[in-house]
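Colleague: Following this message is one structure expressed as structure tokens.
The values are calculated or read from the model by the stated rules, or taken from the named source; none is laboratory data. None of these values were measured; they are calculated from a predicted model. Reconstructed Cβ throughout: ideal geometry from the backbone, glycine too, with neighbour counts over all protein chains shown. Quick note on the areas: whole protein, heavy atoms, side chains included, nothing else; ligands and nucleic acids left out. Shrake-Rupley method; radii C 1.70, N 1.55, O 1.52, S 1.80 Å.
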Amino acid sequence: MPGRPSDPDSAIVPFSPMAEDVPLFPVRHGLKPPIFRVFVSWSRGSHLQVACVCPRDESLEEKADGDLGDEDVGGKVLEVKLGTSDANINEAKRRWIAYGSVPPFALLQGRRNSLAAMSRISSSSTFIDWWKHVLEYSQSISELLGNTRLQSTAVIEDPKLVLERVGEPTSLKAAWQLIEIFYVDRHSFSGLAESVVDWLAEFDCLLSEKDTTVSSKLVKLQEQLVNLQVIEDDPEYWEGISSALSVGWLEVVVKLLRLHGSYQLNQLDSRETENGLVEAVAVLVSTMPCLHHDFPAGKLGQYYRTKPDFVKAWEKWRGQISKLDCSAFWVQCGHRQTREGLRNLLQIMLGNINNISAAVFHWIELLVPHLLFIRPLTAGFEEFQGLAQKCMQIKFNNTPNGLVRLFIGILGENTEVVLAECSKSFGPWMVTHCLELLTADNNQNKIFLHEERYNLGGISILELHRLVYAQVLASHPLTSQIAPTYLVSCPKQGLGLLEILLCRQPVQHHQIILKNLEICRLYELDGISSCIKKIAGIYHWKHGRKGAGIYWLQEARDEATLNHIAHHLFESIGRTISDESFKQWEGLIELLGPDVGSAGGLGFLHTYRDFKKSLKLVESGRTSDVARQAIEALIQLLKSPSTPQRFWFPLLHDSLKLLNWRERPLLNVSETNLLLNKLQELSMAKLRPDFCSTELQPNVLSSVRLALARNLSRAFLEE
């Protein structure tokens, strides 16, 4: 909106200042006020098309068309995206994600159908390890969303580079991994703490856009390191180390400690005790015991898979910290900032809640040191919830973003809140694909999401979100071809909407038709396949591509339309029944091919073509065998019920040379009587009001009668 949201009078669309939570979408049109009129209409997907029109300026009409500048335009048309979205993911990236997520989704649905079929055959349940398939699916999607972890090689190469990420973190991937941690892999709560620690290391910068986080503090510190002469004298240096240690970023802590001035060669002798204390703390940090189900490569710390081994190492490590904290070497350390900073690090590792609270800024950042230093053996979701509630009371952010609200919804075990937040903050793609994660190992969620609801038209919540996402895909021409994958997974209304979608696809491109027909073949939609072929045939026929039109109509076996086309061809050919009019359609008749079983009334044109070719050969002086072939084609035409009555007389007129053949009569008595009967029927048909006469000379009828009578007499004599 032009103007501030607090000033509703200057907005394009006025709103009440008393209204709460009014969604405001900026329209950066760049036009000079006032705006005369605004037109709003739906565009593709969740976009609105907004046309801003300025009032008419008579001075602009005097300018030439090429002299109008950007400030003189009469209006602009812009697109406004509804809802919130990740600024780091543009439209091209979203389409890439949409296409990349189709194979994992289709594979998971195929496995579900296979297991369901197996369970119907055997009495034993085959869904015991279903969460493993969902975990594989989730990891495939996570890889698709990109890698944003810290790059360890760059940290080693540059002595003053504390943080460097491989890629920009996105809220979409952060939300996806968060749901995976708590819903898919929640069967192993022993690794829950470490999973949350790893998640925060990757996505801490996304917790808040305005407030300070550990990540933003370290980024600010990294910018200041270049200008600091004596780094250990700066309080922010020690605050940054304390914050990094609180959230378990051991590599960053050791890296910053090794930047201490006592490591410089010209100060080693004079600051030997101070350097020894810094190195001792760095060694304790780098050997911190961690309970983890695998051993991450390139990460500091000592990792243990079993609790007994971890507890033993944990107690030993804590004893070393306590021993160093009580050491007499602190008295010999003459640098006050170093002494206080190092002892603060020791207190954080010992789990002092006051020191930890001062080092972090967000309740999720406060939750991590509880899991690392205070209660490392946290087991069970209920205990985890209790810790989170405690941290919220101490460090709660009054303006949580969508990612934090999603975290709160997960901790509250409220599936409706999780779905609502995913839909609001991350869009229909997220909701559609995360539904598989929510139901991976939770029977209550399965019942809730698969239950058919009367207020939704008899479909489930799961099917509803898939239908919504499929409609979003179908609304954009670049993604419409992947919408069927999601529609076929909806048992109630999916196939019906798929039929509507396929029938409304453009048919001007041959490849699109083939792709839609392949979809129909895969899902056994024979009726829709015929409908697509029929639509393609009619489209090509109306746009002048007659051959392509007849081809698709033959493929569709549309007898009614082919007969209608045949009627049109009959009218076109039968207006003059001349060679010139027939040549216009001869190529089209050739395209029909020899197999005319599905061509309806168009089969007549094949015989008519053969008859005309034989007549040309007769006129060129060929033998009587060719003339006999022409007579056989004539008899076949007049016997066929598909030959229109208005063609009878022109056919007999074209055959006058054959009827008056000099060598011998080409027609026997029965054949001649057939032609006479046809001529008599034609004479009687003239009395009907719907008779369609042909433009022939009046004496032609007598000529045909005379030729038939002469041929009949000769046939009698010959027999």
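Colleague: Rounded to the nearest Å, what's the spacing between the alpha carbon centres of segment 459-494 and segment 360-430? Just the number, please.
Modeller: 31 Å
Colleague: What is segment 207-377's relative contact order, in percent, from Cα pairs under 8 angstrom and six or more apart in sequence? Numbers along the way, then the final one.
Modeller: Numbers: 180 pairs, mean separation 44.6, N = 171.
Reported relative contact order: 26 percent.
Colleague: Something else: Sort 629-636, 504-511 by packing, meaning the average of other beta carbons within 10 Å per residue, with the highest value first.
Modeller: In descending order of packing, they fall as 629-636, 504-511.
Colleague: How do 512, 500 stack up against each other in accessible area, from largest to smallest, with a 1.4 angstrom probe? Write out the running numbers ahead of the final one.
Modeller: Values: 512 55, 500 80 Å².
These residues rank, largest area first, as 500, 512.
Colleague: Find which of 290, 368, 254 sits farthest along the positive direction of the dipole of segment 207-377, computed with +1 on the beta-carbon of Lys and Arg, -1 on that of Asp and Glu, about the Cα centre.
Modeller: 290
Colleague: For residue 118 and residue 401 in the same chain, what is the full-extension length gain: residue separation times 0.36 nm, less their Cα-Cα distance, in nm? Present the calculation step by step, with values, prior to reporting the outcome.
Modeller: On the way: separation 283, 0.36 × 283 = 101.88 nm, distance 4.41 nm.
Residue separation times 0.36 nm, minus the Cα-Cα distance, leaves 97.5 nm.
Colleague: When you count, for each residue, the other Cβ atoms within 10 Å and take the mean per peptide, how do 217-228, 534-545 rank with the highest first?
Modeller: Numbers: 217-228: 14.8, 534-545: 17.8.
Answer by packing, highest mean first, reads 534-545, 217-228.
Colleague: Now, a different point. Explain nothing, just compute: Karplus ³J(HN,Hα) = 6.51 cos²θ - 1.76 cosθ + 1.60, θ = phi - 60°, for every residue of segment 423-428 in order, whole Hz, x for Gly and Pro.
Modeller: 5, 6, 9, 10, x, x
Colleague: Moving on. Mind listing the long-range amide H neighbours of residue 459? Cut-off is under 5 Å, sequence gap 5 or more, other chains count too, H placed in the peptide plane at 1.01 Å from N.
Modeller: Amide H neighbours of residue 459: 453.
Colleague: What area, in nm² and to one decimal, does the C-alpha convex hull of segment 207-377 cast on average over all directions? Write out the running numbers ahead of the final one.
Modeller: On the way: hull surface 42.3 nm².
Average projection, Cα convex hull of segment 207-377: 10.6 nm².
Colleague: What list of ³J(HN,Hα) values in whole Hz, one per residue of segment 92-101 in order, does the Karplus curve 6.51 cos²θ - 1.76 cosθ + 1.60 (θ = phi - 60°) give from phi, with Gly and Pro shown as x?
Modeller: 5, 5, 5, 5, 5, 5, 4, 5, x, 7
Colleague: On full extension of the chain, what length is gained from residue 330 through residue 382, given 0.36 nm per residue of separation minus the C-alpha to C-alpha distance? Intermediate values should be presented prior to the final figure.
Modeller: Working: separation 52, 0.36 × 52 = 18.72 nm, distance 4.17 nm.
Gain on extension, residue 330 to residue 382, equals 14.5 nm.
Colleague: What list of ³J(HN,Hα) values in whole Hz, one per residue of segment 472-483 in order, does the Karplus curve 6.51 cos²θ - 1.76 cosθ + 1.60 (θ = phi - 60°) give from phi, with Gly and Pro shown as x?
Modeller: Per-residue couplings from phi come out as 5, 5, 5, 6, 10, x, 7, 10, 5, 6, 9, 4 Hz.
Colleague: For residue 500 paired with residue 305, estimate the spin-label separation in nm (one decimal), with each label point 7 Å from Cα along the Cα-to-Cβ line.
Modeller: 5.4 nm
Colleague: Using a 1.4 Å probe, how large is the accessible area of residue 551, given in Å² and rounded to the nearest 10?
Modeller: Ignoring ligands and nucleic acids, residue 551 comes out at about 110 Å².
Colleague: Length gain on complete extension for the stretch residue 337 to residue 211, per 0.36 nm per residue less the alpha carbon to alpha carbon distance? Numbers along the way, then the final one.
Modeller: Working: separation 126, 0.36 × 126 = 45.36 nm, distance 2.67 nm.
Extra length from residue 337 to residue 211 when fully extended: 42.7 nm.
Colleague: Within a Cβ distance under 13 Å of residue 499, other residues only, what is the Lys/Arg minus Asp/Glu net charge? Don't skip to the end; give the middle numbers.
Modeller: On the way: positive: 504; negative: 524, 526.
Within the 13 Å Cβ shell, the charges total -1.
Colleague: At what distance in nm do the modelled label points of residue 619 and residue 509 sit from each other, each positioned 7 Å from its Cα along Cα→Cβ?
Modeller: My value for the distance between the label points is 4.7 nm.
Colleague: Ok, one more. For a quick protection proxy, order the peptides 363-375, 420-432, 447-459 by their average other-Cβ count within 10 Å, most packed first. All intermediate terms of the calculation are to be shown ahead of the outcome.
Modeller: Working: 363-375: 22.5, 420-432: 20.8, 447-459: 12.5.
In decreasing order of mean packing, 363-375, 420-432, 447-459 become 363-375, 420-432, 447-459.
Colleague: Tally Lys/Arg at +1 and Asp/Glu at -1 over every other residue whose Cβ is under 10 Å from the Cβ of residue 517; what's the total? Don't skip to the end; give the middle numbers.
Modeller: Working: positive: 515, 521, 533; negative: 518, 555.
The answer is +1.
Colleague: Taking R0 as 51 Å, what FRET efficiency do you get between residue 279 and residue 90 from their Cβ-Cβ distance, rounded to the nearest 0.05?
Modeller: Working: r = 47 Å, r/R0 = 0.92.
Calculated value: 0.65.
Colleague: Applying 1/(1 + (r/R0)^6) with R0 = 41 Å to the Cβ-Cβ distance of residue 451 and residue 530, what FRET efficiency is obtained, to the nearest 0.05? Could you put the intermediate results ahead of the total?
Modeller: Values: r = 36 Å, r/R0 = 0.88.
That gives a FRET efficiency of 0.70.
Colleague: Please give the per residue volume of the convex hull enclosing the alpha carbon atoms of segment 220-276, rounded to a whole number of Å³.
Modeller: On the way: hull volume 5.0 nm³, N = 57.
Here the figure is 88 Å³ per residue.
Colleague: Given a 1.4 Å probe and heavy atoms of the protein chains only, how would you sort 617, 438, largest accessible area at the top?
Modeller: Details: 617 65, 438 0 Å².
From most accessible down to least: 617, 438.
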